[in-house]
Amino acid sequence: MMQKITLLLSILLIASACKKNNNAEKDLIKKADWLIGNWENKTNLGTLSENWEKVNDSTFKAKSLFIKDKDTIHNESIILEQKGENLNYTTTIIGQNDNKPIRFQLNEDIENELIFENLKNDYPQKISYKKTSKTSLTTQISGLQSGKSSSEKYNMVKTK
């Protein structure tokens, strides 16, 4: 009888450890929950928007558009996906890179900031999102462009 109880406890302990490990793997994407929602940057040049939604426990997706008057100047699809212990940011921009996706990997995980890198990409090599308040964030793309250091920063406001 005691052996059966010991065996049962061992099985439960192993099952619990496996379950905890599985949940821990999804913790990384949870740190990006604050991205969920609609974000905008309005300027005289046009409106940049990013609309983030949760697909499931390991995947978020976003649509990024830059619209000037009624023309879509920039059309980008983004997938943020956790695979194991990696958080990947995959972007596909219509009209660039033969419409093929480019993957960036989370390099730095600072509180309220996500920094993704792909040093092999021509430009940008780095994409970051920084939560500045509950209703605002700063996104930045940076790296070397034609051999020179370059950076573009956008302050986004949450619209819903």
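FYI, it's all coordinate maths here, none of it is from the lab. Only a predicted model underlies this, so the values are computations on that prediction, with no experimental measurement involved. Cβ coordinates were reconstructed from backbone atoms using ideal geometry, including for glycine residues, and neighbour counts include every protein chain displayed.
Is there a residue in the stretch 136-147 that is of a type in the set (Val, Ile, Thr), touching a residue at least 12 places away in the same chain (Cβ under 8 Å) and not in a strand (DSSP E or B)? Let's see the steps before the verdict.
Initially, the stretch 136-147 is screened for residues of a type in the set (Val, Ile, Thr), giving 138-139, 141.
From what's left, touching a residue at least 12 places away in the same chain (Cβ under 8 Å): 138-139, 141.
With the extra rule that they be not in a strand (DSSP E or B), the set shrinks to none.
So far as the stretch 136-147 goes, no, none of its residues is of a type in the set (Val, Ile, Thr), touching a residue at least 12 places away in the same chain (Cβ under 8 Å) and not in a strand (DSSP E or B).
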- Message: For the stretch 98-109, check the following and say yes or no: at least one residue is under 20 Å from Ile29 (Cα atoms), of a type outside the set (Gly, Ala, Ser) and in contact with a helix residue (DSSP H, G or I) (Cβ under 8 Å, 6 or more places away or on another chain).
- Response: yes
- Query: Only one residue in Lys130, Lys153, Lys100 is within 20 Å of Leu35 (Cα to Cα) and either more than 16 Å from the chain's Cα centre (by Cα) or among the β-branched types (Val, Ile, Thr) (or both). Which one?
  - Reply: Lys153
- Would you please name the residue that is nearest to Met156 (Cα to Cα), looking only at residues in the stretch 95-133 that are without any contact (Cβ under 8 Å) to a residue 24 or more places away in the chain, assigned to a strand (DSSP E or B) and charged (D, E, K, R)? Lys130
- Message: Can you go through Thr138, Thr90 and tell me which one is under 17 Å from Leu28 (Cβ atoms) and among the β-branched types (Val, Ile, Thr)?
- Response: Thr90
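Tell me, which residue of the stretch 88-121 that is aliphatic (A, V, I, L, M) and exposed (fewer than 14 other Cβ atoms within 10 Å of the Cβ) is nearest to Ser58 (Cα to Cα)? Before the answer, list the steps.
Taking the stretch 88-121 and keeping what is aliphatic (A, V, I, L, M), we get 93-94, 102, 106, 110, 114-115, 119.
Retained after the next criterion (residues that are exposed (fewer than 14 other Cβ atoms within 10 Å of the Cβ)): 94, 110, 119.
On the way: Ile94: 25, Ile110: 19, Leu119: 24 Å.
That would be Ile110.
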- Item | Residues that are exposed (fewer than 15 other Cβ atoms within 10 Å of the Cβ), in contact with a strand residue (DSSP E or B) (Cβ under 8 Å, 6 or more places away or on another chain), more than 20 Å from Lys158 (Cβ to Cβ) and not β-branched (Val, Ile, Thr), drawn from the stretch 56-74 | Lys68, Asp69
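Would you pick out the residues in the stretch 67-94 that are among the acidic types (Asp, Glu) and either within 23 Å of Glu40 (Cα to Cα) or in a strand (DSSP E or B) (or both)?
First, the residues of the stretch 67-94 that are among the acidic types (Asp, Glu): 69, 71, 76, 81, 85.
Selection gives Asp69, Asp71, Glu76, Glu81.
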